[in-house]
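Worksheet: one structure, shown below.
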Amino acid sequence: MTNTDFIATLLSLIGAWLFYRSRKRVFDRRNEYGQEIFESYRKKLTARTIDLLLAFIAIVIMLTGTIFLALQHLESWGWIVLAPIAWLFIVGYIPGGKCRPQDRPR
């Protein structure tokens, strides 16, 4: 295991932990009936913004670590990880994804 492997794995783990923490914050705000409880509308907006930013940063960090790890092991298993990313850059869409009702063929 090289230093790059270690750093990429560490980035992926940090991203996964941050994503876990962002989802746990949402879970901790719920009461026994499943409703989110806030003291005011401002606190609701602040909490949701923090959760969204934390989740976005976590996903970016996790993907960065995964891509660096895949690039280091491109000759063995890395191409499997990078193939969907290349598909998104070349084609630009995910097959079978949801489309808007007005875009559906009739």
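Quick note: the coordinates plus some simple rules give every number you see, no bench work behind them. A quick note: this is a predicted structure, and the numbers were derived from the prediction, not measured. Positions of Cβ are generated from backbone atoms using ideal geometry, with glycine treated the same way; all protein chains shown enter the neighbour counts.
The table below gives the values:
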quantity: Of the DSSP H helices in the chain, those whose Cα atoms cover at least 24 Å axially and whose Kyte score averages 0.5 or more; calculated: 41-72
quantity: Least to most buried among 51, 5 (fewest other Cβ within 10 Å first); calculated: 5, 51
quantity: Alpha carbon convex hull of the chain, volume per residue in cubic angstrom; calculated: 177
quantity: Relative contact order [Cα under 8 Å, 6+ residues apart], the chain, whole percent; calculated: 35
quantity: Neighbour-count order for 41, 20, fewest beta carbons within 10 angstrom listed first; calculated: 41, 20
